[in-house]
Each structure stands twice: as structure tokens, then as C-alpha cells.
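A.B. asks: This structure is in C-alpha cells; I'll ask about it shortly.
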Amino acid sequence: MTAIGEVELTQRLQRRVARRLLRLDRRAFRRRFRELYARSTLPQPPELRAYDEYTRLVALADELLDDILPRIRRQMSFQATRENLVEEAPMRGQIDGGASLRRGWSERPGQPPVQFATRLRSRTFDTPENRLVVAILQRYARQLGRTGSTPLFTDAPLTQPERHEFAQIADRIRRELGTLHFQELAASADDFDLPELIETVERTARGATNAYRDLIDWWRRFERLHFRTPAELARSATLDKQEALGLLYQLWIALELAEFLDSRGLLEDPRIKAGRLAFDFTWAGRTFHFVYDRSPAEHLVWAGAPGERPDYFITRSDPVLVTYKGQRIWREPGVVLDAKCYLGDNADRTSGPVKRMLADLQLVDATKGGLILPDIHDIPAHVFPEPDRFLGSILPEVEIKLYELQPLVPIDELHSSLATILDQVCIWLPERPPVRCIGYWQDVDTRNPDGTRPLRCPTCGEVMAFCPKPHVSARRVNPVCPRCDCLKNPQLCHIIDRAEGLVPPFVSRVLTKEQLTSTIETLRSQLRRPAEDDETDEAEHARHALFAAIGELTETYIKLSRADTAQIALTLEWALAPYWRDDQHLHGLPATVRTMLVSGEYVWHDFQGSSVEDWAASAVQFVRALEHEMQRRIYEPCGAALLAQDGAPMQPKQFTFATPYFSYALGKHNGNRQTLADRVAMPSGLTEAELWQLFQDIEKLRIDRNAIAHTDAVDKALAARVHAAVIGSPGAPGLLRRLLALKPPA
């Protein structure tokens with residue numbers, strides 16, 4: 001683009017902003033440009049004259065049509081006349097009986113009169129006031145027609161809404177001239193001397209408020225309406241100040257962006273308020289939020305910092321949020337856009353705006369920014385950290401791009417520049433991965449050149465874990481303490497709002513019984529555990545999470561210690577025959593359950609005779625195997641036919657260890673008892689009494705099962721009770737063997 005001076009830039013901005021405000025926010029136009037109603041004595045370029053012509057035709061139309069003309073209709077001027085006539089019937093005037101008799105008797109004595117004396121009253125609207133109205137309306141209509149029929153703007157032709165508004169104004173003027181009061185006067189209005197009519201009406205106008213006098217004032221403002229130039233304004237005028245010129249430049253960019261998006265149907269809500277310009281828009285198939293208000297923003301992350309925000313801020317309409325107990329912990333950053341109206345050949349003129357933008361990025365915790373100027377020739381268009389240096393306090397993804405936008409350039413060129421900016425914003429605001437935990441521990445066996453030991457928590461001495469946060473940044477990794485921070489510190493743990501029932505990161509590699517029990521102890525201390533009598537869905541989810549983690553550790557211990565489990569598997573196969581393998585029996589156990597049972601049984605025998613105090617590894621595996629088969633052989637045959645407490649179909653996650661007992665015991669009211677009898681007992685050949693006894697025995701185990709989740713260490717006696725209840729003994733089949741007799745769905 002060519003270089004542009006400050007005076008010319010101001011002229012262009014004033015006219016372009018005025019045109020956009022007339023289209024988008026008429027009230028803001030009147031508020032911002034009230035002081036600009038004055039004729040310029042300087043010669044105006046054709047493109048500026050076109051904007052002046054358009055502005056004065058549209059800006060003052062509302063006042064004329066909605067205020068002045070309605071008051072003129074109520075105050076309509078007319079002249080009243082009275083004539084004395086002699087008429088024969090039928091007569092137009094009012095008869096004067098006495099005069100008619102005297103006249104008739106004088107002419108024809110003794111005969112009734114055939115002519116009558118009458119008085120005729122009439123009024124006419126052919127007054128100077130009404131001639132003035134017609135003359136002004138016709139001249140205004142001619143200018144509307146002349147302007148609307150020519151290609152007014154060379155940079156941005158009239159849009160369809162603007163042409164429609166022109167047509168509406170012209171149509172209202174035609175209707176005014178076509179009224180009964182004005183239509184006869186309109187035929188000879190070309191002969192009216194407007195200056196003489198103005199002088200006559202001003203001389204005779206009466207009253208403090210007079211619609212005809214207001215019409216004269218309106219016409220004078222219409223004739224002289226013109227944007228002033230900086231050279232003609234007093235130096236104290238608002239629009240002469242550099243900062244005010246910058247505000248005008250910023251407003252222009254925001255309005256052009258709104259008009260650009262609206263013309264393509266990409267605005268979610270096209271109603272624009274320039275006082276606080278904010279809207280949602282669609283670009284590249286995605287939705288974003290734009291705001292321009294220069295007020296303290298919710299995005300500020302510095303306490304005590306200045307509250308003024310950057311000029312524009314764009315975010316995704318559905319940003320990633322991290323909250324905890326109503327407090328916002330982190331919000332996905334947006335893109336900062338700033339507009340500065342600096343001109344000249346000195347490249348240093350951008351040093352201030354660039355420094356300020358770097359500060360703005362810090363204030364709102366953002367990394368991407370765009371700086372818009374009317375002239376960027378000989379200026380680096382990309383500002384970013386030096387890639388060959390290690391940056392200890394600067395995020396390497398921070399960058400600022402510079403863009404050039406000038407008013408009154410061809411509209412296609414302007415829209416292309418705006419599209420380029422929006423394309424870059426779209427790249428800067430990608431879809432982010434979901435907030436989830438992908439933390440991992442340091443490996444204590446790691447060796448490094450200096451022989452330093454792994455980083456430990458200064459509070460509790462635990463080996464620190466690392467918590468990557470790809471939803472924040474691909475490079476963001478926080479050191480966290482699994483005991484002090486994981487699922488406890490909202491600043492470092494972003495999944496804390498759903499931490500109930502989640503297990504912190506742990507190392508599943510265990511090679512000895514001591515490592516196994518030690519890791520289980522650590523898990524118990526770190527996991528949020530509900531109360532033992534809590535039977536809510538959240539409490540059950542927490543227990544399942546703990547059992548799954550302990551089960552994974554147990555199975556890893558068996559695998560890594562290369563334990564010989566062949567004999568254990570043969571013993572279990574004999575005890576649970578013929579249901580041991582699902583590839584040998586239609587209702588056999590799947591491989592996952594067989595692994596649970598083998599690992600639990602191995603640990604049960606391996607711990608015998610040892611000094612191990614926590615037997616959870618064995619007891620948990622038996623409970624997990626039983627729960628798996630309860631879900632498979634009790635819930636799945638019934639499915640949605642079972643009803644939850646709220647009367648809705650029971651979901652799989654709502655089926656807990658306590659569900660069979662209570663569903664059958666209370667099932668008379670909601671039909672659950674009959675459902676269990678029809679779909680579980682009958683296909684398996686069980687009586688209802690046998691099914692009820694099975695559910696009662698499962699309920700007896702529930703107390704021990706909950707104790708496993710809540711005690712700090714499972715002693716041998718508790719583990720033995722669980723083992724006997726699930727696996728059973730010779731002559732006394734356990735709960736698992738009895739469950740296997742139930743036929744699961746095909």
C-alpha cells in the first residue's frame with residue numbers, strides 16, 4: 001500500500017466509520033459525530049465528497065421523517081377566506097335569509113326570491129410554510145435520486161442493505177409529497193424561491209417551538225453537513241489528539257470486521273452495539289468470540305496490574321476451562337489483537353506498541369498477538385523469541401505478527417486483509433485436547449552423568465512425578481508430588497473437579513512382595529476414599545478405581561516375577577469345572593477373570609508363612625472376579641428391565657455389589673423381583689428361594705468387601721473370609737461357583 005499522511009488518514013477514517021455506524025449502530029453515530037456538522041473550506045477529493053454526500057443524506061433522514069414532518073402535519077398551516085355570494089340553488093355557502101328577502105323584494109315585490117345571498121367560508125394550504133415544506137422535500141428527493149443512481153463509492157460500492165435504506169427514504173418522501181395537503185403544491189414547486197420562502201417563514205414563525213422553523217434549521221444543517229479536517233479543528237478538539245485518532249482507527253477496524261462477517265452471513269447475531277462491540281462469528285467452520293471494549297476483562301491474570309485490556313480479544317466460543325469449587329483455575333487463552341495509528345518512515349515507531357503487546361500477552365496469559373497499523377513498510381512483520389537460545393522465562397511459542405490496514409482502499413483488498421488475519425487467528429486457536437491426567441513418575445533407577453538422585457517433594461520426601469498438560473501447551477510439564485499435589489492441589493491438578501474415585505499416577509512395576517505391599521499402601525494414602533457406609537455411585541466408582549489399581553499391581557507382580565502359576569491354574573480349573581474356560585464351555589470364564597483368580601490365588605499361597613501385613617492383593621482379586629461375573633450373569637440378562645431408585649432404567653454403572661440384594665428385597669413395588677426371577681432364576685433352573693439365598697450370601701460378603709477398600713491394611717483373617725466366600729472349600733462351593741451356574745446371555 002502507498003504511504004498515507006495523518007490528515008488524509010483522519011479524513012478517511014471519519015467517513016468510513018460514519019458510514020459503518022450509519023449501517024450498524026445509528027445511535028453511536030449521532031453520539032460520536034455530533035461535533036462534525038460543519039462545512040469544510042478545503043477542496044475535497046472525489047472519494048471523500050462521495051462519503052460526505054452519502055452521510056448527509058442518510059444521517060439526517062430520521063430527524064426529518066420521524067420528528068419534523070409529523071409535527072408539521074399536526075401544526076399544518078392554512079389560510080381561511082370568507083366570500084359574500086349571490087347564488088341560485090344549489091348553493092355552496094351559508095344562506096343569509098334577511099339579505100336574501102330584502103334583495104328579492106326589491107327586485108320582484110311580493111314574489112319569493114330565486115337568488116340568495118350566501119357567505120362562503122374556505123381554507124387553502126397554499127401558504128409560504130407549506131410551499132417551503134414541498135420545496136425542501138423535492139430538493140432532498142432529487143439529491144436522493146441523483147446519488148442513488150450513480151456509482152457513489154469507488155472503494156466499496158453500496159451494499160444491498162444500504163441501497164434498501166436509500167429506497168426506503170425516497171419512498172417515504174414520495175408518500176409525503178403525495179398527501180392531499182402537498183400534492184397540488186408539488187406540481188409547481190420548481191418555481192418556488194426557497195431562500196425567499198425561508199426568509200418569509202422565519203419572519204412570521206411564532207411560538208417557542210415551531211416545526212417550520214425546525215425544518216429551516218434542518219435544511220441549513222443538511223446543506224453544510226461536512227466532516228471537518230484536522231487542519232480546521234481547534235487543537236483542543238477531541239479528534240485532533242493522537243490517542244483519539246487511534247481510537248477512531250480501532251473502531252473502524254472493529255466495524256469493518258463486523259460488516260465483513262455480516263455480509264457473508266458469518267455473524268451469529270448481527271445486532272451491533274459500538275459501545276461494547278462483542279459478537280460470535282464463524283470462520284473456517286468453527287465458532288469464535290470477538291470483543292472490543294477496552295474495559296477490565298475476566299482474562300486478566302495479574303493481581304494489581306492495570307485493568308485496561310488490549311483493543312481486541314478473540315477466543316474460541318467453547319474454550320477449555322479448569323475450575324474447582326466455582327473458582328477458575330485456568331482458561332484457554334485467546335488471541336490479542338491491537339491497532340495503533342502510527343505513521344511515518346521511522347521503523348522505531350512500532351517499538352512502543354510491540355512492547356505493550358508483549359506486556360498485554362503476559363497480562364491475559366496469552367501467547368499469540370497481532371498488531372495492526374496503517375503502514376508497516378520497512379518494519380519486520382514477525383516478532384518471535386530467538387529460536388537458537390534457551391529461554392528460561394519466556395514461552396517459545398510467543399509470537400506477534402504485524403498487519404497493514406488502510407481505510408478507503410478497494411473493498412476486495414480490505415476484505416482480503418481481514419480474511420488473512422482471521423485465517424491466522426484460526427491457526428492460533430486450534431482445537432485443544434481434553435483435560436486428562438497423563439502424569440508419570442520418575443524412575444528411581446535412572447542414572448545421569450552427575451549421579452544426582454531423583455527430585456523429591458520438599459514437604460513429604462516423596463519422589464516427584466511429572467504432569468504434562470497438552471491442553472495448555474505441548475511443552476507444559478509440571479513437577480508434582482503424588483502425595484501432596486495429585487488430586488489435591490487445584491493449581492497443579494487440572495482434573496481435580498472429577499478427582500473422586502481417580503487414582504494418582506503410580507509405577508506398576510513391582511518385583512517383590514515388599515514392593516507390592518508398599519505401592520498398595522501408597523495408593524491407599526493418596527486416593528480419596530469415601531465413607532465405608534457410603535453406597536452412592538461416586539463411592540462405588542472410587543472403590544472400583546482402587547480395586548482396579550491394586551489388581552493391576554498384583555497381575556504385574558505375577559508377570560514380572562515370572563511366577564510359576566501352572567499348578568494354581570490347574571487347581572482352580574478343577575474347583576470351578578466345567579466353567580473354567582470360555583473357549584471350552586459356553587458359559588465359561590473369560591481370560592481376564594481367569595487372570596484375576598490365578599494372580600489372587602498365587603498371592604494367597606505366596607504370602608503364607610511370610611510377615612506381610614497387608615493381604616489386599618489377594619482379597620481384591622477375588623472380589624473383582626466375583627463382581628465381574630455378577631455384572632455378566634445378573635445384570636446383563638435383565639438390562640434396562642431393572643429399575644433404579646428414581647424409576648429410570650438401571651444403567652450398568654448403577655449396578656453395584658449391593659444391587660442384587662436390595663433389588664430383590666424391595667422389588668415388589670417396581671417389578672425388579674419379578675424381573676430377576678424371570679430372567680435370572682428361571683433360565684438357570686433355580687427357584688426363587690435359591691436365588692434369594694444367593695443374593696443374601698452376596699450381601700454378607702459386601703461388608704468385608706467394603707472393609708478392603710477402607711482399611712489401611714487387609715489382615716490375613718479378612719483375606720481368608722473373602723477367599724472362603726468366593727472360592728469356597730471342598731463340599732462347600734463358593735459364591736463364584738454358584739454364580740457360574742447362572743446362564744449369562746448368549
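The values are calculated or read from the model by the stated rules, or taken from the named source; none is laboratory data. For clarity, every value in this text was computed on a predicted model and none was experimentally measured. Here the Cβ positions follow ideal geometry from the backbone for every residue, glycine too, while neighbour counts run over all protein chains shown. For the accessible areas, the whole protein counts, side chains as well, though only heavy atoms, and no ligand, DNA or RNA atoms are used. Shrake-Rupley method; radii C 1.70, N 1.55, O 1.52, S 1.80 Å.
A.B. asks: Quick one: accessible area per residue over region 146-188, 1.4 Å probe, rounded to a whole number of Å²?
C.D. replies: Accessible area per residue, region 146-188: 60 Å².
A.B. asks: If you count, for each residue, the other Cβ atoms within 10 Å and average over each peptide, how do 594-607, 667-680 line up from highest to lowest?
C.D. replies: The most tightly packed comes first, giving 594-607, 667-680.
A.B. asks: Arrange the peptides 654-665, 574-585 so that the one whose residues have, on average, the most other Cβ atoms within 10 Å appears first.
C.D. replies: Going from most to least packed, we get 654-665, 574-585.
A.B. asks: Given a 1.4 angstrom probe, what's the average accessible area per residue across region 535-673, in square angstrom?
C.D. replies: On a per-residue basis, region 535-673 sits at 45 Å².
A.B. asks: When the Kirkwood radius is taken over all Cα pairs of region 521-594, what Stokes-Einstein diffusion coefficient follows at 10 °C and 1.306 mPa s, in µm²/s?
C.D. replies: 106
A.B. asks: On to the next question. Could you list, bin by bin from short to long, the percent of Cα-Cα pairs of region 333-422 in 10 Å steps?
C.D. replies: Taking all Cα pairs of region 333-422, the binned fractions are 15, 45, 31, 8, 1 percent.
A.B. asks: Which links in 368/401; 513/559; 653/700 stretch past 18 Å when you go from one Cα to the other? All intermediate terms of the calculation are to be shown ahead of the outcome.
C.D. replies: Working: 368/401 8 Å; 513/559 13 Å; 653/700 21 Å.
Listed pairs above 18 Å: 653/700.
A.B. asks: Now for a separate question. Taking θ = phi - 60°, what integer Hz values does the Karplus form 6.51 cos²θ - 1.76 cosθ + 1.60 yield along region 683-697, in sequence order, with x for Gly and Pro?
C.D. replies: Whole-Hz 3J(HN,Hα) from phi for region 683-697: x, 8, x, 9, 7, 5, 5, 5, 5, 5, 5, 4, 5, 5, 5.
A.B. asks: Could you state the orientation-averaged shadow area of the convex hull built on the Cα atoms of region 390-485, in nm² to one decimal? Display every interim value, and only then the final one.
C.D. replies: Values: hull surface 40.2 nm².
Its Cα hull, projected and averaged over all orientations, spans 10.0 nm².
A.B. asks: Also, I was wondering about something else. Give the whole-number value, in cubic angstrom per residue, of the convex hull volume spanned by the C-alpha atoms of region 564-636.
C.D. replies: Looking at region 564-636, the number lands at 88 Å³ per residue.
A.B. asks: I've got another one for you. Could you work out what % of the accessible surface of region 375-440 is carbon and sulfur, using a 1.4 angstrom probe and leaving DNA, RNA and ligands out of the count? Could you put the intermediate results ahead of the total?
C.D. replies: Values: 2140 of 3690 Å².
It is 58 percent, rounded to a whole number.
A.B. asks: What are the semi-axes of the equivalent ellipsoid for region 643-727, taken as the square roots of 5 times the Cα gyration tensor eigenvalues, largest first, in whole Å?
C.D. replies: The equivalent ellipsoid of region 643-727 has semi-axes of 27, 17, 9 Å.
A.B. asks: Where a ≥ b ≥ c are the square roots of the eigenvalues of the C-alpha gyration tensor, would you call region 435-547 rounded, which needs a/c under 1.5, or, failing that, prolate if a/b is larger than b/c, or oblate?
C.D. replies: Oblate, because a/c is 1.5 or more while a/b does not exceed b/c.
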